1. Residues in the range 111-128 that are crowded, with 19+ Cβ neighbours inside 10 Å, out of contact with any Phe, Trp or Tyr (no Cβ under 8 Å at 6 or more places or on another chain) and either small (Gly, Ala, Ser) or without any contact (Cβ under 8 Å) to a residue 60 or more places away in the chain (or both): how many?
2. For the range 1-118, give me every one of the helices (runs of 4 or more DSSP H) that falls completely inside it and has 1 or more residues that are under 19 Å from Pro169 (Cα atoms) and among the small types (Gly, Ala, Ser).
3. Read through the list (1) touching a residue at least 60 places away in the same chain (Cβ under 8 Å); (2) surrounded by fewer than 19 Cβ atoms within 10 Å (Cβ to Cβ); (3) of a type outside the set (A, V, I, L, M, F, W, C), then give the number of the only condition that Arg92 fails.
4. Within the range 170-200, how many residues are touching a helix residue (DSSP H, G or I) at 6+ places or on another chain (Cβ under 7 Å), touching a residue at least 40 places away in the same chain (Cβ under 8 Å) and in a helix (DSSP H, G or I)?
5. Quick test for you: out of Val144, Val70, pick the one residue that is at pLDDT 90 or above and at negative phi.
6. Being assigned to a helix (DSSP H, G or I) and either surrounded by fewer than 17 Cβ atoms within 10 Å (Cβ to Cβ) or in contact with a strand residue (DSSP E or B) (Cβ under 9 Å, 6 or more places away or on another chain) (or both) is the filter here; which residues of the range 129-142 pass it?
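The values are calculated or read from the model by the stated rules, or taken from the named source; none is laboratory data. Note that the structure is a prediction, hence the values are computed from the model and not measured. Cβ sites come from the backbone with ideal geometry, for glycine too, and all protein chains shown count toward neighbours.
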Amino acid sequence: MNAVLAIDTSSNWGFALSIMPILLRGLIVTVAAAGLGFAIALVIGLLFAILRRSSSRLITWPLVCFLEFVRDTPLLIQLFFLYYVLPGYGIRLPAFLTGAAAIGLQYGAYMAEIYRAGIEAIGRGQWEASVALNLGRRSVYRDVIIPQAIPRIIPALGNCLVSILKETPILYTVSVLEMLNYAIIIGDRTYQYTIPLTLAGALMLFVTTICAYLVRWIELIVPRRGIALR
């Protein structure tokens, strides 16, 4: 890190300015990991929610057990399993992708409950009308139920995004360096922790605040009656 950018420790302001590019580099990794993990969670969470509504107990019971296991075990253990155990079975992923997948899997289990709450909030009349129109199961979810459920769950999904952003420092355990890890390394090398950690906290607050306002803006522009998925 010092080979890339010299760190000035002669003054507080000089120190802060010299380490800012390093922290910003780490912030890019933080945002990228959180964004990919959130995207994975959105997709598999919806899939889990739909499968959980299946009429077959051969599908619902194992799925419920799996979701409970994922929600009730620490993310760190799941990350270690994906990164250190799966390669022994021939499944090897890059550290960054493994970290994003672990985050996406755990928060996908949480989002499955969010989706389920949104789907169950749809009035029974909508389901009955879909049956009366002889719509297939896929069309019911795609054209009727999910478009009406999404506006109801946007705030909860936004909370998950902010939580995912704050979970990214755990990726350090599989050698992925993000902003907080860079701040700690700078502190270890310079014996000055206050400034790098304060800057890292301020940058994280800035990003999470932007995300919160973005979610609020999306909530305001999305029609309450639902959206069209095609």
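1. 1
2. Numbers: elements: 12-52, 57-72, 75-80.
Filter on the range 1-118 gives 12-52.
3. (1)
4. Step one: list which residues in the range 170-200 are touching a helix residue (DSSP H, G or I) at 6+ places or on another chain (Cβ under 7 Å), which gives 170-183, 186-187, 192-193, 195-197, 199-200.
Keeping just the survivors that are touching a residue at least 40 places away in the same chain (Cβ under 8 Å) gives 170-171, 173-183, 186, 192, 195-196, 199-200.
From what's left, in a helix (DSSP H, G or I): 170-171, 173-174, 179-183, 186, 195-196, 199-200.
Looking only at that region, the number is 14.
5. Numbers: Val144 fails: at pLDDT 90 or above.
So the residue among Val144, Val70 that is at pLDDT 90 or above and at negative phi is Val70.
6. At the first step, the residues of the range 129-142 found to be assigned to a helix (DSSP H, G or I) are 129-132, 137-142.
Answer for the range 129-142, where residues must be assigned to a helix (DSSP H, G or I) and either surrounded by fewer than 17 Cβ atoms within 10 Å (Cβ to Cβ) or in contact with a strand residue (DSSP E or B) (Cβ under 9 Å, 6 or more places away or on another chain) (or both): Ala129, Val131, Ala132, Arg137, Arg138, Ser139, Arg142.
Conditions (1) β-branched (Val, Ile, Thr); (2) crowded, with 19+ Cβ neighbours inside 10 Å; (3) under 30 Å from Ile145 (Cβ atoms), marked per residue:
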{"site": "Leu161", "(1), (2), (3)": "no, yes, yes"}
{"site": "Thr168", "(1), (2), (3)": "yes, yes, no"}
{"site": "Tyr172", "(1), (2), (3)": "no, no, no"}
{"site": "Asp188", "(1), (2), (3)": "no, no, no"}
{"site": "Val207", "(1), (2), (3)": "yes, no, no"}
{"site": "Val222", "(1), (2), (3)": "yes, no, yes"}
